[in-house]
Every structure is written in C-alpha cells, then in structure tokens.
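Notes follow once the structure below has been shown.
The values are calculated or read from the model by the stated rules, or taken from the named source; none is laboratory data. Quick caveat, the model's predicted, so the values are computed rather than measured. Side chains are part of the model used for accessible areas, which takes the heavy atoms of the whole protein and leaves out ligands, DNA and RNA. Shrake-Rupley method; radii C 1.70, N 1.55, O 1.52, S 1.80 Å.
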Amino acid sequence: MDFSPASPKERMIYYSEEWNPKDVPEFIIRSIKEKEFAFDHEGNGYTDRYNAFGNIHGLETKVKTLNPYAVCASTAYYEHPEQRAGWRGAELVFDIDAKDQPVRSCSCAIGSICEKCLEEAKGLALIIIDTLREDFGVKEVYLAYSGRGYHIHVLDKNAEPLENRQYMLDYVMGSIMPMDFQMVIGYAKTWRKMFALTLSKMKQEDFLFLNKNVANSAIANKELIIKNLNARMKNFISTPGIGKTSQDKILNEVMRLSGLTVDGKVTIDTKRILRLPTTLHSKISMICTLAKHPESFDPFNEAVPRFVLERAESNAPK
Ligand SMILES: [Zn+2]
C-alpha cells in the first residue's frame, strides 16, 4: 500500500465520505465541553488552538469545512477550554511511539517504522494496560493507534492525581530497581516482565557498553538470563562469560532502556494535546483509531482510509 502524505483532495474525500463523528470515542464526546481542540491545517503544526465545542456537531462542522491535516484534543478538562483556563483534571495517558523505541528487534533506521515494530509497540502497550489493571485497579482504559504507535488513555478518576504520575510511569516501565525483585507479585513482577521484554529485543549494537567478548556472551545467553529471571533466581544474569561488573552494567542498561519506552513528557504534562481518534494522520495517510479489540487490532486492516486502498487499485496493472 502507498502511505505517502494525503493530498488536500484526499483529506476532503476522507472527511466528507468516510469520517463519521459518531465514531469519535464516547470518552471524548462525554466531556467535549471541557476539552480544547487543536488543528493543524496544512502540516505546519497545531497553530489553530483554543477551540471549544458545545457538542459534537460543532466539531463536525469545523472538520468538514476545513478538512484539516491533523486534529488533537486536550487530555485536560477545563472550565473554559476556549481560554485553556480553569483546569479541572486530565486523563492519564501513556504515549508509546514505535519509532522512538530504545530497542527494536527489527532493523528499522531511527525515525522509521515497520509492521514488526508497530506490533512490538502494541505488545508493550498491552503489557502496560495489564499492569494498570492488575496493580492499580484501573477499570476504564483505552488503547488508540496513533499512526506511529499507541496512546493509552486512562479515565479512572483515582488515576488522575498529578503527584502519582511520575511514580506510575516509572512503575509501568520497570525503570527502577525493586526492593526485592524476587517477590512473586506487585512491582517485582512488573519489573521482571519489562526487564525480560527489553532484554529480549536487544541486538548486537545494543550491547556496545560491554567489551566485545562479554557482549557476545550476553547475546548468546539472553534466553538463559530471561529463563533464570522468570524462575526468580537471585543471580539471574550470572551466566558463562559474564562477570560481576558486567552483570551490574547489564542490569542498569536494561532498566535505562526500559525507562525510555514511554514518552514520559506526555504522561507528566497535564496540558498535553493528543491526536483525536477517527481523524487522519495525513503525513502517513492512516487513521488514528481506537482499538476496540486491542489483542487482535491490526492497523493495516483497521486504520487505512479508503483513499489509500483506491490508490493501490489505480496503480495496479490493468
Ligand atoms: Zn521496524
């Protein structure tokens, strides 16, 4: 499929023929009066800010008139969204960008993505959602495909307090050493899961912090280390060819990389705007889409606008 940028005409076709405002997620519509909307009209950035709508029809009219390049909604709720004043709270969000993942098992260059790293980003998002549900008791949580990765939206009021956000971020990423990583449940379990996930994706070039022989041992022993970790063995990195100093280096490096898997600024910043599900990511001609069935969600089935499929048809050999 041809995912080159959407032309103004293709945007118009998408918004007039395919986009249905009724598909905007219910969790956005129910608080539409409290959200600020931002528009990027020509791909030059979100210059049109401070938009507020009393209902979905206001949003619909603006979108269908202007066929914007991109649309965002605030994660924050405001008493006066048209002034971004009277802040009342904000969704808890986690931004997992496939192109910014610190380790990927594919061979994508920095800044590019493929089906494999998008799938890995979704896998990471699903693990984080499990952690939020199991360890924080979160109930209302949504996964949205953002175009280049995934956004997790948490709507539970008890997850909103600002002072908890850095803690929750560190927790779900497993970026801090647990007091006792051998504990069966709780943070230790999450930490082991994230450690194993990050280590499993690390390739030769991710071990440059070690000397060559040790790096080779680490790569050769990756599966054994993960097996030891899952068995909650005390010295789980202690495998042939890896001495104590290198074990500590590996431990710290894997945690450092895990701590880069989610864009922390998005979680901490409570005045953030995020791409609105159902709208077009014009640069790559895909639709930002709420994943109704996160486990089986496939953006190449569910987030491709019709005009991209029609491009393929018009280019097919006759
Ligand atoms: Zn890739």
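What's log10 of I(q)/I(0) for the chain at q = 0.08, 0.15 Å⁻¹, Debye sum over Cα points only, no solvent? Per q value, in the given order, log10 I(q)/I(0) is -0.42, -1.18. Looking at the chain, the accessible area is 47 square angstrom per residue; that uses a 1.4 Å probe and ignores ligands, DNA and RNA. Protein heavy-atom surface of segment 1-93, 1.4 angstrom probe: 50% of the accessible area is carbon and sulfur, with nucleic acids and ligands not counted.
For segment 56-181, take N as its residue count and report Rg(C-alpha) divided by 2.2 N^0.38 Å. Here the answer is 1.25, to two decimals. Checked against a 21 Å cut-off, the cross-linked pairs LYS203/LYS283; LYS9/LYS283; LYS33/LYS157; LYS189/LYS212; LYS99/LYS283; LYS99/LYS227 give Cα-Cα distances beyond that limit for LYS203/LYS283; LYS189/LYS212; LYS99/LYS227. Only aspartates and glutamates eight or more places from LYS201 in sequence, or on another chain, were considered; those with a Cα closer than 12 Å are GLU120, GLU223. A P(r) calculated from all alpha carbon pairs of segment 146-303, with 10 Å bins opening at zero, reads 9, 30, 29, 22, 9, 0 percent. Of the solvent-accessible surface of segment 176-258, computed with a 1.4 Å probe and all protein chains present, 58% belongs to carbon and sulfur.
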